[in-house]
């Protein structure tokens, strides 16, 4: 059973991790997952709604501002009903823990209970700009409250899934969990297999769509448009790179928040697209270099962005700052790109000049994808569930 109030309905990074992981658990290991999803009612029938095919059922409890408390009661009743009526091998709680008393769940089942973490909560709000003082303070207070809740849960659950080694280290230092507490590192991974991925065809088709000729160097940013994702900084760095190469470069911006991206770009003529995940991986093949710039804050230190493996699968070299620790380590170890500071255009230009005719080898791509695949990283989780 997987209980969450993350956005597990419409296209976003949280859904991508939750969906791909659950489907891999079912397809590779035959372990089905039921979902209880507490979510904004407006997302239930959204055109960007996706469905998780993980062998189980999904129970969506929608809420609005006016119905929130009533919906919360329905959520708790649904959890009680499903847990008491099913012999689950494990129960996962993702973020919704703020509203659920894990001790009450333990009274209803002997199943182990684990948390699911995609990142550290402490300074996301500190990185948010262009917000009112009242909103900033309220978000800070919510973060402090959330951290208090997490201390309670780390004392009462059996373990948790984390996306990076950095996140495990962070939680160990922050909450000092009991000695037998279990951490399972399961980073964001991909859903499709490499041997079904026709890179050359996709590259030809999408470069034609983007108006890129054979000699153009195509850069890309793919992802959301939140401040900590440094989209404005990415566009600023690209302008300096563009000046060095003249008209031989293009920048693609792929995002489900495409209007926000256009607003950030202003009058700059970039290629804007919004793709569902299946097509995104294909479109990325048209590009040569991908941006993954992040600031020096804890939120980034412990993250493992979905886009990293999507970039690698599409044979892109990654231009990254050193602050997403697990990703930075892999880039350096496997020669997957270049590590730079935010405004270091000279180093990027030098790197592009050196590598623009060299793709990452298929062997390296295969090794990196396999190492980070859910089939590989879920092995310990599977052994735990079956035991």
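The values are calculated or read from the model by the stated rules, or taken from the named source; none is laboratory data. Every value quoted in this text rests on a predicted model; they were computed, and no experiment measured them. Positions of Cβ are generated from backbone atoms using ideal geometry, with glycine treated the same way; all protein chains shown enter the neighbour counts.
So here's what we get for this one:
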quantity: Residue under evaluation residue 150, criteria (1) touching a strand residue (DSSP E or B) at 6+ places or on another chain (Cβ under 9 Å); (2) at pLDDT 90 or above; (3) within 30 Å of residue 380 (Cβ to Cβ), criterion not met; calculated: (2)
quantity: Test result for residue 214, part of a loop (DSSP other than H, G, I, E, B) and either in the same structural domain as residue 7 (by TED's automatic domain parsing) or in contact with a strand residue (DSSP E or B) (Cβ under 9 Å, 6 or more places away or on another chain) (or both); calculated: no
quantity: Residue within the stretch 219-237 that is at pLDDT 95 or above, over 14 Å from residue 292 (Cβ atoms) and touching a strand residue (DSSP E or B) at 6+ places or on another chain (Cβ under 7 Å) present; calculated: no
quantity: Hey, residue 18 closer than 23 Å to residue 102 by Cα and either in the same structural domain as residue 69 (by TED's automatic domain parsing) or at pLDDT below 95 (or both) or not; calculated: yes
quantity: Of residues in the stretch 10-41 being outside any loop (DSSP other than H, G, I, E, B) and more than 22 Å from the chain's Cα centre (by Cα), the one surrounded by the most Cβ atoms within 10 Å (Cβ to Cβ); calculated: 29
quantity: Selection within the stretch 96-132 - at pLDDT 80 or above and either assigned to a helix (DSSP H, G or I) or under 18 Å from the mean Cα position of the chain (by Cα) (or both); calculated: 102, 103, 104, 105, 106, 107, 108, 115, 116, 117, 118, 119
quantity: Some residue of the stretch 301-315 being outside any helix (DSSP H, G or I), in contact with a strand residue (DSSP E or B) (Cβ under 6 Å, 6 or more places away or on another chain), modelled with pLDDT of 95 or more and closer than 19 Å to residue 163 by Cβ; calculated: no
quantity: Residue within the stretch 232-245 that is touching a helix residue (DSSP H, G or I) at 6+ places or on another chain (Cβ under 8 Å) and assigned to a loop (DSSP other than H, G, I, E, B) present; calculated: no
